[in-house]
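Asks: Have a look at this one before I ask anything.
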Amino acid sequence: MIDQRSIGAFLRELRQAQGITQEQLASELGVSNRSVSRWETGRTMPDFDLLIELAKRYGVSVDEVLAAERSTGMDTQTEESLYRIADYTNNERDAFTKRLHVMFLASVVAFAVFVALYLLGLAESSPYEFIAGVCLGVCMGMLVVGAIYTSAYGSRIRAAKMRLLHRKAA
């Protein structure tokens, strides 16, 4: 079982051994120093791609971080597999974001059609009443999706995307 507090203490120990501050580490990883603090106190765990970056930064394996102790390390094939998993996860998040953008654009178009029908006075006559209802339904559905996306889950998706972009630029 993974013990977040032990992992946090291990991450703090590794950071301090390298003589860097939480602010410096946060800047390197493209996260807030508050996130680093939460990891080191065991309140939260870094995302998987960040876990790999931390292990690489500190010169330890991901397995050592998860075990919260130094060991003989893992082989390079396992580590490469973990990198591929992290890349796959980030690619999936990027694809989700693109789909969300298409849905948002459809919502804007649907709202424009609804407003046009309403302003022309056609929104209450058949068959335009049905079209106006569908357009309004699309807009409301997008509001719900937008609320979910802008929640804490959405901010984690955006943070992972920024980390991926930061890693590709480096």
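Only the coordinates and a few stated rules stand behind these numbers; no lab work does. Values in this document were obtained by computation on a predicted structure and should not be read as measured data. Note that we place each Cβ from the backbone using ideal geometry, even for glycine, and neighbour counts take in every protein chain shown.
Asks: For the residue pair Tyr128 and Val102, what label-to-label distance in nm results when each label sits 7 Å from Cα along the Cα-to-beta-carbon direction?
Replies: Once both label points are built, they end up 3.1 nm from each other.
Asks: Something else: May I ask you to compute the full-extension gain from Thr44 to Glu28, defined as 0.36 nm times their residue separation minus their alpha-carbon distance, rounded to one decimal in nm?
Replies: Numbers: separation 16, 0.36 × 16 = 5.76 nm, distance 1.89 nm.
Length gained, Thr44 through Glu28: 3.9 nm.
Asks: R0 = 22 Å: FRET efficiency of Ile85 with Arg57, Cβ-based, nearest 0.05?
Replies: 0.75
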